[in-house]
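Have a look at the structure below, then the notes.
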Amino acid sequence: EQLVRRGAGEQTRQALLLQEERAAYAAYSNEKQDPARRLALGKEFLRRHPQSEHAAAVKSGNRRATLEIFDVAYKAFSANPDAASLDRLLATGREILGRGPDRAVAAQVTSQLALATGRGMIGGFYSDLEQSRAYASQALDMLKETTPPPGLDAEEYARLRANSLSLLYQCQGLYLLRQPDPDAERAIDFLTKAAESKDGPSANDPNTYWLRALARDLIYQKLIEKYQALPKGRRTGKQGQSLCAEINPIANTLIEDYARVISLS
């Protein structure tokens with residue numbers, strides 16, 4: 001009799017758990033308007049019902065909800081790029097990254113934080129070069145992998161790589177120019193990659209060519225200083241001619257970059 005009672009009690013408990021699981025999943029599925037509430041419901045569902053047949057779907061939905069929350073903050077920043085909207089975006093992004101998200105979420109959030117802080121540096125309302133550089137380096141490492149992370153559609157990942165990589169190259173060029181000892185040569189390498197990334201937005205962004213012009217101008221000015229330091233009698237000699245052979249191509253590419261800035265602005 002005790003065994004029968006125990007069996008009946010277990011069946012009742014299982015039935016109640018199944019009923020609770022169904023109700024929890026229905027509440028999660030029916031939440032369409034508020035991604036933050038949907039995410040909270042999804043987390044609670046996985047905590048209470050980790051073995052549910054719906055667990056995989058809820059995990060995927062939690063990923064989407066997380067990115068929706070971040071996307072709202074990113075769009076607000078893009079619509080009104082200033083220090084306040086960037087601070088809100090950074091707070092949202094750091095909170096998400098602090099949870100240890102999967103590679104799909106981490107790649108998207110880190111990439112956009114790198115782009116936003118880079119834009120803030122260009123706009124003069126963000127100055128933490130090392131943090132921005134860290135985001136860009138992490139994002140580049142994540143996006144080097146051509147195979148999409150689990151749970152991320154291949155076409156969506158291809159778009160993310162095309163849009164982000166080109167602008168991340170632009171950001172790397174910016175950091176190399178803004179560091180205490182600017183590295184113009186390496187900056188030009190990254191900015192040329194950005195200019196040649198035809199699938200991404202950087203090829204048609206005037207900032208790409210403006211930054212490359214700044215890098216080339218640093219080299220140009222150093223060569224001019226060397227030339228002007230020569231005695232006048234030696235400027236027409238072999239050393240002066242050698243310097244002119246370096247100066248003229250740089251001057252031409254510098255003019256070309258400024259022309260691109262004007263045409264794209």
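The values are calculated or read from the model by the stated rules, or taken from the named source; none is laboratory data. Because the structure is predicted, anything quoted here is derived from the model rather than measured. When we count neighbours, we look across all protein chains shown, and the Cβ atoms used for this are built from the backbone with ideal geometry, even at glycine. Note: areas computed on protein heavy atoms with side chains; ligands, DNA, RNA excluded. Shrake-Rupley method; radii C 1.70, N 1.55, O 1.52, S 1.80 Å.
When D199 is tested against (1) of a type in the set (D, E, K, R); (2) open to solvent by 80 Å² or more (accessible area, probe 1.4 Å); (3) more than 22 Å from the chain's Cα centre (by Cα); (4) closer than 29 Å to D141 by Cβ, exactly one condition is not met: (3).
Here are some residues: Y157, Y135. Which one is open to solvent by less than 80 Å² (accessible area, probe 1.4 Å), under 19 Å from V109 (Cβ atoms), modelled with pLDDT under 90 and not basic (K, R)?
Details: Y135 fails: modelled with pLDDT under 90.
Answer to the check: Y157.
Determine if segment 84-92 includes at least one residue that is open to solvent by less than 50 Å² (accessible area, probe 1.4 Å) and within 23 Å of L176 (Cα to Cα). Checked segment 84-92: at least one residue is open to solvent by less than 50 Å² (accessible area, probe 1.4 Å) and within 23 Å of L176 (Cα to Cα). The lone criterion from (1) in contact with a Gly (Cβ under 6 Å, 6 or more places away or on another chain); (2) closer than 20 Å to N207 by Cα; (3) of a type outside the set (D, E, K, R) left unmet by A104 is number (2).
Just to be sure before I move on: is P206 within 16 Å of the chain's Cα centre (by Cα) and more than 15 Å from S137 (Cα to Cα) in the structure I sent?
No.
Only residues that are touching a residue at least 40 places away in the same chain (Cβ under 8 Å) and in a helix (DSSP H, G or I): list them for segment 127-156, please. Show your work before the answer.
We begin by selecting, within segment 127-156, every residue touching a residue at least 40 places away in the same chain (Cβ under 8 Å); these are 129, 132-133, 148-152.
L129, S132, R133, listed by residue number.
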